[in-house]
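Everything below concerns the one structure shown next.
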Amino acid sequence: MRFDVVSLFPEMVMNAAGYGVTGKAIENGLVDLAVWNPRDFTHDRHKTVDDRPYGGGPGMVMKYQPLLDVVDAAKLHAHSVRRRVICLSPQGKLISQQLLQEASTSEQLILIAGRYEGIDERFIAEVCDEEWSLGDYVISGGELAALIVVDAVTRLIPGVLGDEESAKQDSHYDGLLDCPHYTRPEQSDLGNVPGVLMGGNHAAIKHWRMKQSLGRTWLRRPDLLEKIQLTAEQQALLSEFKTEVDKLGCGNE
Ligand code: 4HQ
């Protein structure tokens, strides 16, 4: 996988991606990350990347010419067919684990991180394949959104996560929330670790974790349960969870 992020703040993207899982994946050559500054693709003395909006109004709009040239340059660096140009914007499709899963089979993702009020619509319409959004809120620039895509997609590349911390165990991988996690000490003023996790019965632990995932999803995100088909075993575990909540007034143990 090759990521090409287009940003007026290339260090912001490069630095943030250098940490942790993404940093290691880049170091190990499992993913490539390049950041392109549209300012380097201007031709005037002032290196102008923005201009006043037609029709008036506050703020500035990113000019399409530097963006067009920067995307052409990024395309030359990977002669790949499975390539997508994606603009990060609140007008886009909501980013989900499924969307990212599909994107992770691309060979090259060109991510456009805009600043100011936005980008000249002609660039979005003619050059971008898709617009993606983090959610219904506004941030100051597309960089953080692009970094989220780079991070979340990188985790899905084979070999990036060790087998133990496989992406399969994360929240949202199977459409469910993750189960609770505990580490030492076993007993504390804040409460005790659920006994089943201490017993070494791996089948029982697996069932408990699945039941917790189902129960938490039911309690916190019932909308997610409507989108998936539960197995008979999962339906039984969720029923148990609901019975326990009725009895104990809580979802644990
Ligand atoms: N932006 N999801 C870039 C966002 C946003 C979002 C606002 C993107 C400003 C210039 N990006 N423009 N929500 O709020 O991706």
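Coordinate-derived values only; no laboratory data. Owing to the predicted nature of the structure, the values given are computational and were not obtained by experimental measurement. Quick reminder, even Gly has a Cβ in these numbers, built from the backbone with ideal geometry, and neighbours come from all protein chains shown.
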*asked:* Looking at the stretch 229-247, I want the residues that are within 13 Å of W208 (Cα to Cα) and have a partner that is among the polar types (S, T, N, Q) and not in a helix (DSSP H, G or I) with Cβ atoms under 9 Å, at least 6 apart or on another chain. Which pairs are those?
replied: E244/N252
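Would you call G162 away from the ligand (no atom under 16 Å from the Cβ) and assigned to a loop (DSSP other than H, G, I, E, B)?
On the way: away from the ligand (no atom under 16 Å from the Cβ): yes; assigned to a loop (DSSP other than H, G, I, E, B): yes.
It is true that G162 is away from the ligand (no atom under 16 Å from the Cβ) and assigned to a loop (DSSP other than H, G, I, E, B).
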*So T154 fits all but one of (1) polar (S, T, N, Q); (2) closer than 30 Å to V6 by Cβ; (3) free of Cβ contacts under 8 Å to residues at least 24 places away in the same chain; what number is the exception?*
(3)
_I need the full set of residues from the stretch 51-97 which are basic (K, R) and either at positive phi or more than 14 Å from the ligand (Cβ to nearest atom) (or both), in order please._
R52, K75, R82, R83, R84
_Here are the criteria: (1) closer than 23 Å to A17 by Cβ; (2) surrounded by 15 or more Cβ atoms within 10 Å (Cβ to Cβ). Tell me which single one T42 does not satisfy._
(1)
*Taking the stretch 117-134 as the region of interest, how many residues are more than 6 Å from the ligand (Cβ to nearest atom), of a type outside the set (A, V, I, L, M) and either under 22 Å from the mean Cα position of the chain (by Cα) or crowded, with 16+ Cβ neighbours inside 10 Å (or both)?*
7
*asked:* Take E186 and tell me if it is within 16 Å of the ligand (Cβ to nearest atom), exposed (fewer than 14 other Cβ atoms within 10 Å of the Cβ) and over 16 Å from the mean Cα position of the chain (by Cα).
replied: no
